[in-house]
Structures are given as C-alpha cells and as structure tokens.
Amino acid sequence: MTTAARFAKAYPFPLDDFQVRSIEALDAGESVLVAAPTGSGKTVVAEFGIERALSRRRKAFYTTPLKALSNQKFGDFSRRYGPDRVGLLTGDNSINSEAPVVVMTTEVLRNMIYESSSTLEGLEVVVMDEVHYLQDPYRGAVWEEVLIHLPLSVAVVCLSATVSNAEEFGEWIGALRGPTRVVIEERRPVPLENLYMVGDELHVMHVEQGGRLIANPYIVSLDQRELRAGSYRRRSSGALQRQVRGRPREGHRRVYTPRREEVAERLGEEGMLPAIYFVFSRAGCDRSSEFRMEAGVRLTAGDEEDRIRQIADARVAWVEEDELRALGYFELREALAAGIAAHHAGMLPLFKETVETLFAAGLVRVVFATETLSLGINMPAKTVVIEDLWKFSGERHELLTPGEYTQLTGRAGRRGIDEIGYAVVLYQTQVPFERVAGLASTRTYELRSSFRPSYNMTVNLIRNYSREEARHLLNSSFAQFLADRGVVSLERQLERDRAFLEGYHRSMACHVGDFLEYWRLRERADRIREDARRSRRRVAEEETRQRLASLRPGDVIALPGARRRGLAVVVSGRQGQGRPTVLTEDRRSFRVGPSEFEPQGPPAVLARIELPRSGSTRSARYRRDVAAQLVALTVRPAGRARRQADPDAERRASEVEQQAAAHPCASCPERAKHERWAERASKLEREIAGVERRIRARTETLGKRFDRVVAVLEELGYVRSFSLTDKGEQLRRIYGEGDILVSEGLARGLFDGLSSSEMAALVSTLVYESRERTPRRAEFPTGMLRNRFQALSAVWAEVRRVEDGRQVELCRELDAGFVPTIFEWAEAKPLQDVLASSGMTPGDFVRNCKQLLDLLRQIEEVGGSRVAPVARAARGAVNRSVVAYTGVEA
C-alpha cells in the first residue's frame, strides 16, 4: 500500500487525483504548488505534509495571510492533533510557540527568519496558504521574502487559488528552491451554474450551440428599448429549470434590477439558500440587513430563532451590556434571528465570527458581505449573488476582472451537501449582457508580483549578506523572474526590428550623396525646436506646481480645460504636494494637477470664499452650499497670451536647416522617395530605442532599486560601507510602513517623556490611514502631543527630501486622524463614548487598535529603558475590552 493510500484511509471520502499527486510529490521529498478552486480540499495536502513532519519527529509551520484565518486553523489543528502539539503565533497571540505544529501569519515567519529564531530548528515543512496573496500591493512581498530566505532543507507546500500562470509560478519556485511539483486542479468540487436575474426571473447565462457554450441568445436579443419598456413573462414557483433556458410563461412584467428582499425571497422559493450576497460597500451591507428587518423578511422558524439567540448571547456573555448596546449587538441579534446578517471589515471581529458560526451551522440563510469574505474564511454557501459588477478601487470605479469573479463565486456549492452551486448576477444596466457572460466564462487569473525592497528588508539583507549576494537574492524574486521572461521576447523583437532597419537604410540610399547624413540634419533642426518647446513646458509645469502648492482652502481659481472649464474652489490640499482638491460650480470634487492648466499656465487666485466650518465634499449639503457661493461670484478669468518661441533655438535650427539645404541630397530628383524610407527608419529607430530602454529597465530592476534604498539609508546614518550602524541594527527589528520614522523618532528622543496615552496617540499617527479622501482636522489633547507630532512630521519631511534625491518613495506621511480617539480610549473612557465621538465603526476601531498594539510591542522591544516601560503601559491601556478579544478557540 502506498503512503498516499495509507494516509487516505483516515478520511471518510476518497481522495481526488490532484490530492494524491500532491501527496506523492511530498513523500518523494519535493516541494509542491497546488492550484485549485476554493473548497476543493487543498488542506488535505497540507495535513499530509504536517503528519509526515510529525512522523519524522520534526516541525511543521502553517502560515496564513490573516490573523482570523490563523485562529481558525489553530482551532482545527488543535482538535485534530491535540492542543499540546499545536501552537499559534500572530501579532496578538503567542501560544505554545515551540510546539511541533505552529500556525502563524506569514509576517511572523518572515520576522523569525530575519532574526534567526531558534524556533526554526528542526523545521521540516512550511505550508503557505493563500500564496496567491503575494500580489497584494501592500503585504505581498512577505511571501516572496519567505520563499527566498527559507533554508533550502525545508520543503514548502504552496496552496493557491486557480491561477492561469501556475506553471510559471511553479517554475520560479523550482528554480529558487529545487524540485517542485506543480499540481493544477481546475475542476470545482461542486459544479457551478452561472445565472442572470432580470426582474424576478432567473436565466442561465450560457447555452450550448454547436458543441460550445455561448451567451444565452434570449437575453442577448433584448435591445435597450425593450429593456426600458419591455417585459418578461412570469412563471410559477419551482419552474426554474424551464425558465432558465429562456422559456417564459404567460403574463407580463417590466424589466428591472431586483430589490434585495426580492432576491432573497426568490432564492428561498427555489431552494437556493444559504447565500452570500456581495455588496461592495460596508454601508450597503448594513442597510441591506436593516431593511430586511424593517420589511419583515424572515427566513427562519421559531425554534431556529431561539437557538440563534442562545448561541449569539453565549459568545458575547463576557461583554458589558452598555458596550453591547453601543456596539449595536441587540439589533444584530434580531437580524440574525431572522436568518439575515451583514459581514464586513467595519464590524467587530467578535460579531463577524458569530455570523460565520451561525452561517456555517445553516442557521443564517443570507449574508450581505463585502469582497473581503472571498478570502480565507470558511463560509461556503449554496449560492453567491453579485449585485453590481462595478466596484470602487479607492481611486475610481472598475469592472470586476474574471479573476475577481472567480474568487467571489468560489464560495458557491458546499462539498458533500450540494450537487450544484449557483452564481447569480443581477441585471446590469451599465454592462452589456455579452460582457457579463464573458466575465463568467473566462478563467484568467494571472498571478503577478508586488515584491519591492523596503527599508526593513534592505537592512536585513545587509546584515546577512554581501552586496553581491543581496542583489542576487533580489534578482531571484518572482518579480525579476517575470521581468526577465519579458526580456526574452523583447530581445527577439529587437532582433527583428534591427533587421527591418537595415532594409530601410538600403532602400533610402541615394546616388548623389549620403542621404542619412542629410536626413540627420533635418532631424536635428526639428529636435532643437522640440527640445526648446519641452524646456518651456517644464518651466511652466514647475511654475504651475509651485502655484498649486501655495493655494489655500477657500481660494477660487479657474479651470481652463475643455472637460472641466469654469470656477473651482480649493477645499483641501497637502502642503507642498501641488495637487489640491477642488470643488466646481457643478458640485464635482476632484484633485487637480499641473496638466489641468496646460497650455494656459499657472492658475491665479481670483477670489476667496468662506468654506463651511464642518462637513466635507462627501456631504451633498456641503457641496451645494459651496457651489452656490461659486455661482454667485462675478469674477471671471482673463485670457492668457500664448508663449512665444525661443529665438535662440529658432536661430540654431535655421542654421542647421541651411546646412541641409546645401547638402547634395537636397537636390536629388528621388528625394521624396528617399524621405519616405527615412521617415520609416526614424520611426523604427525610436521604437528600437524604446525597446532598449525597456530591456535596461527590466534587467536587474530590483537590484538597482535596492541600491537606491541603500543610498538613502547611508545618507540617514543606518548603513556605512555596506554594514549596519547601531541605528541600522535597531531598524532591522521594526517592521511595517513606518519603520524608518519609528527609528528616527527613537534616535531623536521624540518618544521620551510621554504619558502612556500620549505614547499611544503619537504612535497611532504612524499606522493609521484615514478612509476618507479628505482626512479630518487633527485634534491634539495635549500640547506635548502636538509638539511631538510636529517634530515627527518634520522628520518625515526630511526623510522625504532624502528619498526624492534618490528616486525612492517608501515613507508614508503621518496621519493624526486617530489621535483623539485612541487618546480617549487609553485614558479609560467608556467604549460607547469613544465610538460616539469618533464616528468610527467598531470594526475599524478595533483593527486600528490591533495595528497600533503591534507597533507598540516592537517599540517596547527596541526602545530601551526610557521608552520601553511607557510603550508597555500604552499597550496595556489600549488592549482592553473588545480590543483584547483574540477569537482563539482550541
């Protein structure tokens, strides 16, 4: 009997082929990359790796991208292997850290590797769950750091969602770490039916025609006029199979996007619950849950309601009733009792986990969730509903990608329960149906790299490697692997283009002289004029940028562009950055930069108006009041004279043109034909130069960026002769975006002499990031805190000047938006008062507190005798009540 067969006997179901192939690879001593859909059973492969390590009396680490997922796996493995054999390491918890099986966040493992932790001794295998997370722009580099630095003696089990370039990713892991088996499973464990809901009717998105699937012709055939005024015919309940094939029955109904309660009721009638209903906003999730209650929708029976209340009450029994009331628990409980819930990052972790528990038990039937639910947490459903295919990316609204669609619908279909899962997209008024159907049928989810050298990564590389070794490691990253792959095709393109260029040069040969020489004179004259124009444009842009940077809120300017013409008032701006936010006469709000004022030049302040003392551009009333003041102004911009050509440049260009006119080829009877070939050659030369620049940019890109980061660290005193100074040794133990500001603040004594509440508040400015486009004005409870924030802001400005000189941008600006809230909390103010004054959701409040606690812990470890005790006291003051909740269950 094979090892895989013996292992499979422990499971009540036969192992799938991809699981067997993965297990055989691990048993042969290889690493393995498993790319398979959500719910397909990838964890079975991880469990074999763990049990193999245990059988050899060695260790196994299981890493995840989320603390909540780490907590969940810790509970699962504790029940499977026994609590004495399983440990947990996250920023919040350290439980049984020397156990043979340890679950941790990926950042913890990265830090252990850099610190050469003794916990790594005896490590046999590392499971990297959700490894496709390495493309996350903020945290993704951690996965590559681990794969690069982890000892080659350790096998890795990489578990990934289905990605279209899994072979490419696996090839990189193999090149980096040795023999690696790539196992791809594209078949979902439960088949997925993609449906489109128009009004109260459900239709299949695809039908078979000529042996292939095409977009449902019945829906495609409906033109926009019919969609506005047309109808669908009703059907009786239970006739889903007939209706989804586009066979309507008698009766008429107008076409519309169904309301959320209609969707829930229809899914209930068709036996398609439980469902996850994706709404791409927190407020939308909350409103959905509240409105269902107001509408009287109930999806549970009486005995289920009692059981739901009992389970929910038991989970929150340790929380004070006043706090529960402030947190909105009793409203949540009644929604849960009706079988309805919301789930998003703004909710308290305790409440989210309660929703997850009740949903997994089949007691909650519909969960309105944001896309964060699509990652990690085990909440399978029979149906996934996507209300809108557009989502806000932070800068603009974007259509879902096929990969995002696949990720969201991966929750549909419960293995061992459902024969089929359903993905329901509601009627889209802004997206043609063919595009919707194409989105659902495309399986492209390409894994990209977000790997970039940070300050902390750089000092750890300097500590452990020579410059050449460090550059080699960076060039071993997946990012460079992808870049180098691209270079191969660019080199082939360059070879072809150069061959064409030789042919063009032969075709433009002239019998009376050197036509290329003549043509170069012509090009030189054009280039002199173009360089002069660009120089004038750069001067004008810099003048405009400086003028924009000097604008203050209330200044009225004119927008000259054809797309955004008219008056606008500055409503906010970051000093010195030259991209203020403005509000126009038609109530639109956006940021403006120098390009908005080309070619007219810098804006002039035409007037000043008083802005409302409260509110922001997110408020319709604020926009209306400010726009009304703009419309009432009588000032209008004067026209600007166009800039004159540079006379010196014009003189030099004319001299060169005279040389060209005197050239023998100027009088060639076939000059027009030669010029056509010369123009083609010039265009191709420019394309070749562009390809060469791309090749240079891609070759050792990360190594060059690393050198620039090292130069910043040298200028700031962290590195000398590619060795760490005392400051560099300290920076090595500080992780996160604010690493260098923490180190500079410690070196300059900016954390000395603070109270614990002031310490918590000041450190919060390094980790907090306002969700609003226009952050609230900072309020400082004490003069000491205000002075230290100003001093730390000056340090940020100094670091940014050094970074600008080296073409580096790693140091994020401070954000004081959390200062008054966390100061009150650290001063032991009641939770209900803190939340009421902050306007924050409980989930955001707790998440920001958790990030702050993590950084305070690091400062405590490196701060020395003056700072460490206060950082420890600050941690204690913050880590109380709902903030102290960890969600760990063994």
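Out of the residues in the range 151-163 meeting the condition of being among the hydroxyl-bearing types (S, T, Y) and buried (at least 19 other Cβ atoms within 10 Å of the Cβ), tell me which one is modelled with the lowest pLDDT.
Filtering the range 151-163 for residues that are among the hydroxyl-bearing types (S, T, Y) and buried (at least 19 other Cβ atoms within 10 Å of the Cβ), the one modelled with the lowest pLDDT comes out as T162.
Do we have any residue at all in the range 703-711 that's modelled with pLDDT under 90 and either surrounded by fewer than 18 Cβ atoms within 10 Å (Cβ to Cβ) or of a type in the set (V, I, T) (or both)?
Yes; the residues of the range 703-711 include at least one that is modelled with pLDDT under 90 and either surrounded by fewer than 18 Cβ atoms within 10 Å (Cβ to Cβ) or of a type in the set (V, I, T) (or both).
When both residues are 6+ apart or on different chains and their Cβ atoms are under 6 Å apart, which pairs have a first residue that lies in the range 419-430 and is more than 16 Å from V263 (Cβ to Cβ), and a second that is of a type outside the set (S, T, N, Q) and part of a strand (DSSP E or B)?
Partner pairs satisfying both residue conditions: I420/E193; G421/L192; G421/A412.
Out of the residues in the range 717-764 meeting the condition of being within 30 Å of W825 (Cβ to Cβ) and either part of a strand (DSSP E or B) or of a type in the set (K, R) (or both), tell me which one is nearest to the chain's Cα centre (by Cα).
So, considering only residues that are within 30 Å of W825 (Cβ to Cβ) and either part of a strand (DSSP E or B) or of a type in the set (K, R) (or both), the one nearest to the chain's Cα centre (by Cα) is R733.
List the helices (runs of 4 or more DSSP H) inside the range 444-552, counting only whole elements, that have at least 1 residues being under 30 Å from V146 (Cα atoms) and at pLDDT below 90.
467-474, 478-507
Can you work out which of the residues in the range 600-634 that are within 30 Å of R537 (Cβ to Cβ) and either in contact with a Lys or Arg (Cβ under 7 Å, 6 or more places away or on another chain) or loosely packed, with under 11 Cβ neighbours inside 10 Å (or both) is modelled with the lowest pLDDT?
Filtering the range 600-634 for residues that are within 30 Å of R537 (Cβ to Cβ) and either in contact with a Lys or Arg (Cβ under 7 Å, 6 or more places away or on another chain) or loosely packed, with under 11 Cβ neighbours inside 10 Å (or both), the one modelled with the lowest pLDDT comes out as Q600.
crowded, with 17+ Cβ neighbours inside 10 Å and more than 30 Å from R591 (Cα to Cα): does that describe L835?
Yes; evaluated as a whole, the condition is true for this residue.
Quick one: which of E495, E468, E517 is in contact (Cβ under 8 Å) with a residue 40 or more places away in the chain and either open to solvent by 40 Å² or more (accessible area, probe 1.4 Å) or within 31 Å of the chain's Cα centre (by Cα) (or both)?
The conditions single out E517.
Sort out for me the helices (runs of 4 or more DSSP H) sitting completely within the range 1-71 that have 2 or more residues that are surrounded by fewer than 23 Cβ atoms within 10 Å (Cβ to Cβ) and polar (S, T, N, Q).
Passing ranges, in order: 42-55.
Kindly state which strands (runs of 3 or more DSSP E) lie completely within the range 109-198 and contain at least 3 residues that are farther than 22 Å from D17 by Cα.
So the answer is 123-128, 192-198.
For (1) in contact with a helix residue (DSSP H, G or I) (Cβ under 8 Å, 6 or more places away or on another chain); (2) of a type outside the set (A, V, I, L, M, F, W, C); (3) in contact (Cβ under 8 Å) with a residue 60 or more places away in the chain; (4) open to solvent by 20 Å² or more (accessible area, probe 1.4 Å), each residue gets a yes or a no:
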site	(1), (2), (3), (4)
L814	yes, no, yes, yes
I822	yes, no, yes, no
A826	yes, no, yes, no
D844	no, yes, yes, no
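How about the range 499-514: which of its residues are in contact (Cβ under 8 Å) with a residue 40 or more places away in the chain and not small (G, A, S)?
F500, L501, Y504, H505, M508, C510, H511, V512, D514
Collect the residues in the range 681-700 that are among the polar types (S, T, N, Q) and open to solvent by 40 Å² or more (accessible area, probe 1.4 Å), keeping them in residue-number order.
T699 - this is the single residue of the range 681-700 that is among the polar types (S, T, N, Q) and open to solvent by 40 Å² or more (accessible area, probe 1.4 Å).
Quick one: what pairs do we get from the range 8-23, first residue of a type in the set (A, V, I, L, M), second part of a helix (DSSP H, G or I) and modelled with pLDDT of 90 or more, C-beta under 7 Å, 6+ apart or different chains?
Pairs found: L15/V44; I23/V45; I23/F48.
Can you name the number of the only condition in (1) closer than 15 Å to D815 by Cα; (2) among the hydrophobic types (A, V, I, L, M, F, W, C); (3) open to solvent by 30 Å² or more (accessible area, probe 1.4 Å) that L766 fails?
All conditions are met except number (3).
Quick check, is I276 surrounded by 20 or more Cβ atoms within 10 Å (Cβ to Cβ), under 17 Å from A360 (Cβ atoms) and in contact (Cβ under 8 Å) with a residue 40 or more places away in the chain?
yes
Residue by residue through the range 792-810, note down the ones that are closer than 15 Å to V767 by Cα and open to solvent by 10 Å² or more (accessible area, probe 1.4 Å).
Residues satisfying the conditions are S793, W796, L810.
Could you grab the pairs with beta carbons closer than 8 Å, sequence gap of 6+ or different chains, first residue in the range 62-73 and more than 20 Å from L123 (Cα to Cα), second one hydroxyl-bearing (S, T, Y) and assigned to a loop (DSSP other than H, G, I, E, B)?
K67/T90; N71/T90; N71/T886
So how many residues does the range 520-550 have that are in contact (Cβ under 8 Å) with a residue 12 or more places away in the chain, open to solvent by 20 Å² or more (accessible area, probe 1.4 Å) and within 30 Å of Y622 (Cα to Cα)?
The number of residues fulfilling the criteria is 4.
Here are some conditions: (1) closer than 30 Å to V101 by Cβ; (2) among the hydrophobic types (A, V, I, L, M, F, W, C); (3) open to solvent by less than 50 Å² (accessible area, probe 1.4 Å). A175 meets all but one. Which one does it not meet?
The failed condition is (3).
So for the range 648-669 (the condition being of a type in the set (A, V, I, L, M, F, W, C), in a loop (DSSP other than H, G, I, E, B) and in contact (Cβ under 8 Å) with a residue 60 or more places away in the chain), does at least one residue qualify?
Scanning the range 648-669 turns up at least one residue that is of a type in the set (A, V, I, L, M, F, W, C), in a loop (DSSP other than H, G, I, E, B) and in contact (Cβ under 8 Å) with a residue 60 or more places away in the chain.
Can you tell me which residue within the range 79-98, out of those that are touching a Pro at 6+ places or on another chain (Cβ under 9 Å) and not in a strand (DSSP E or B), is surrounded by the fewest Cβ atoms within 10 Å (Cβ to Cβ)?
Residue satisfying both the conditions and the ranking: R85.
I want to confirm something. Restricting to the range 553-565 and keeping residues that are open to solvent by less than 40 Å² (accessible area, probe 1.4 Å) and at pLDDT 85 or above, which single residue is nearest to A662 (Cα to Cα)?
The extreme case among them is L559.
For the range 808-830, does any single residue satisfy the condition of being of a type in the set (G, A, S), out of contact with any strand residue (DSSP E or B) (no Cβ under 8 Å at 6 or more places or on another chain) and within 19 Å of L324 (Cα to Cα)?
Yes, the conditions are met somewhere in the range 808-830.
Taking the options A747, A672, A666, A678, name whichever one is farther than 24 Å from E107 by Cβ and open to solvent by less than 20 Å² (accessible area, probe 1.4 Å).
A678
Among (1) among the charged types (D, E, K, R); (2) modelled with pLDDT under 90; (3) assigned to a helix (DSSP H, G or I); (4) within 25 Å of E261 (Cα to Cα), which single condition is E434 missing?
(4)
The values are calculated or read from the model by the stated rules, or taken from the named source; none is laboratory data. Keep in mind that this is a model prediction, so the values were computed, not measured. We place every Cβ from the backbone using ideal geometry, glycine too, and count neighbours over all the protein chains shown. Heads up: the accessible areas ignore ligands, DNA and RNA and are worked out on the full protein's heavy atoms, side chains in. Shrake-Rupley method; radii C 1.70, N 1.55, O 1.52, S 1.80 Å.
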